[in-house]
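The values are calculated or read from the model by the stated rules, or taken from the named source; none is laboratory data. Just so you know, these numbers come straight off a predicted model, no measurement behind them. Quick reminder, even Gly has a Cβ in these numbers, built from the backbone with ideal geometry, and neighbours come from all protein chains shown.
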Amino acid sequence: MRRTSWNGVTTIWVFLVAGTGAQAFFTVSSTRPHSLLSRAACDLNQNKDSLKQASFPSLQSLPGLGLLALNVLAPSLIPPSAQALPQKAPETNAQMLLIDALPKKNPVLLDMASSLAKVTTEGSGNIRSIDSKGSKGIKPWPEVQKAARSASGTIAGRGKELIKGATDEKAAQAVLTDLNVRIDQLGAAADAQNREAAVTAQVQALLRLEQLGTLQVPTMPFQPPTVEYPSVPQLLGRAEIEITTRAGKTRQTRQMYAILDGFSAPLSAGQFVDLAQRKAFDQTKIVATDESSVTITADAVKSPKRTVPLEILVEGDKEPTYGETLEEQGRFKERVVLPFNAYGTLAMLHPLDDPNGGANSFFFLKADPSYTPAGLNTLDGAFSVIGYVVQGEDALDDLLAGDVVENVRVLSGSELLKQGK
């Protein structure tokens, strides 16, 4: 059993091994005291075999629990009508999630990216996974060598297809050339069995593929709702940001880099970029941090007096929905384009009782994403994800309440910000 707390909500994670040998995780979330929630979770764990016959209404009506959500993550333990489960493990690689979220799909690029993302285990392409998991952070070296050879072959034989449709052919060709260098570095690292160099090369290669994919999106796939929300800025594309933090005691500075996705969340991402350009995050203290998340809040004096609506793009929809959670819409089983799958997922914070009350606070997800696959957690469809940390996410582990956000800089994409009225 494991407990996490965030923003007044406590979640208990319980691992079940039923009498049949079936395994599962279930989670219960509530605003009630930890002791009450833990006791209820223990009761459920002790009666795990009865979960086969249980339905969500009966589980959610446990006396005094006040459940906000309950997720059971095994098809053998609940009836099919209770929860739709994914047929494959969720993608947890931040770079791959951004590539998957591109509104224009290039099948050659997607296939190459998918192969490279599998170089690391559990889809986690970051140095943090190596530090915490040791040799388990990367696949066997023959598989890494095979992935590098396959990628090199794709560039040599299908390079034109990789950059087909780019809005700036010269820029795309330059990215393709750099991609080839990164693939060579991956192959060399695999030959030398250098784990850190291999993962670094993998991350850089995936970032180049994300750049190529972004260059192939000519315009916004939909018109953001300027009439309904005239004062909210819009990010009409993608932006890269650098976040520099400073430890309160040691004064050591660290950098994180994130890509914000205006294709999927133009208002929420636009709000973040606008606050960054106003230097509203600079020299602010980390508001809160625990094992699940890190919250940052822009200076209220430098922040415009406006609120941003909840903004969720569901897979298959042409544009985001606004103002209501997916649960309120009766769509809680549907997958979102930007899920809370990756360590370092960045999202807008809003009051629990007002999904349209987002303003100048954002949070980074630190919880292990393998516990909360897309479509099966209480965050997807309840908060607006704006992007992912793609480099330096290991710095999140070191942040404490009271540490300082030294500055937030927009490295690229600032020209894509459209100011509100």
Open item on the list: From the list THR154, THR219, THR167, THR214, exactly one residue is within 30 Å of GLY420 (Cα to Cα), outside any loop (DSSP other than H, G, I, E, B) and of a type in the set (Val, Ile, Thr). Which is it?
Closed with: THR214
Task: Residue check, ALA239 assigned by TED's automatic domain parsing to the domain that holds ILE386, under 30 Å from ASP398 (Cα atoms) and under 17 Å from the mean Cα position of the chain (by Cα) - done: yes
Task: Search result, residues across the stretch 374-395 that are touching a helix residue (DSSP H, G or I) at 6+ places or on another chain (Cβ under 8 Å) and either surrounded by fewer than 21 Cβ atoms within 10 Å (Cβ to Cβ) or not assigned by TED's automatic domain parsing to the domain that holds MET256 (or both) - done: ASP394
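Let's see how each residue does on (1) in contact with a strand residue (DSSP E or B) (Cβ under 7 Å, 6 or more places away or on another chain); (2) surrounded by 15 or more Cβ atoms within 10 Å (Cβ to Cβ); (3) under 28 Å from LEU411 (Cβ atoms):
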{"residue": "PRO142", "(1), (2), (3)": "no, no, no"}
{"residue": "ALA147", "(1), (2), (3)": "no, yes, no"}
{"residue": "ALA151", "(1), (2), (3)": "no, yes, yes"}
{"residue": "ILE155", "(1), (2), (3)": "no, yes, yes"}
{"residue": "ALA166", "(1), (2), (3)": "no, yes, yes"}
{"residue": "GLU169", "(1), (2), (3)": "no, no, yes"}
{"residue": "ALA192", "(1), (2), (3)": "no, no, no"}
{"residue": "GLU196", "(1), (2), (3)": "no, no, yes"}
Open item on the list: Condition first: in a loop (DSSP other than H, G, I, E, B), charged (D, E, K, R) and in contact (Cβ under 8 Å) with a residue 40 or more places away in the chain. Now tell me which residues in the stretch 300-314 satisfy that.
Closed with: ARG306
- [ ] Quick one: count up the residues across the stretch 279-316 that are among the charged types (D, E, K, R), more than 17 Å from ALA395 (Cα to Cα) and over 19 Å from the mean Cα position of the chain (by Cα).
- [x] 6
TODO: Kindly check whether there is at least one residue in the stretch 218-226 that is surrounded by 17 or more Cβ atoms within 10 Å (Cβ to Cβ) and under 19 Å from GLY357 (Cα atoms).
DONE: yes
- [ ] Out of the residues in the stretch 311-331 that are of a type in the set (A, V, I, L, M, F, W, C) and touching a Gly at 6+ places or on another chain (Cβ under 6 Å), state the one that is modelled with the lowest pLDDT.
- [x] LEU326
Open item on the list: With the requirement that a residue be among the hydrophobic types (A, V, I, L, M, F, W, C) and over 30 Å from PRO225 (Cα atoms), what does the stretch 237-290 give you?
Closed with: ALA247, MET256, ILE286, VAL287, ALA288
- [ ] Determine whether the stretch 386-404 contains at least one residue that is modelled with pLDDT of 95 or more and within 26 Å of VAL227 (Cα to Cα).
- [x] yes
Open item on the list: Checking ALA374 against (1) small (Gly, Ala, Ser); (2) closer than 20 Å to VAL232 by Cβ; (3) at pLDDT below 95, only one condition comes out false. Which one?
Closed with: (2)
TODO: Can you give me the number of residues within the stretch 269-284 that are touching a strand residue (DSSP E or B) at 6+ places or on another chain (Cβ under 6 Å) and either in a strand (DSSP E or B) or acidic (Asp, Glu) (or both)?
DONE: 2
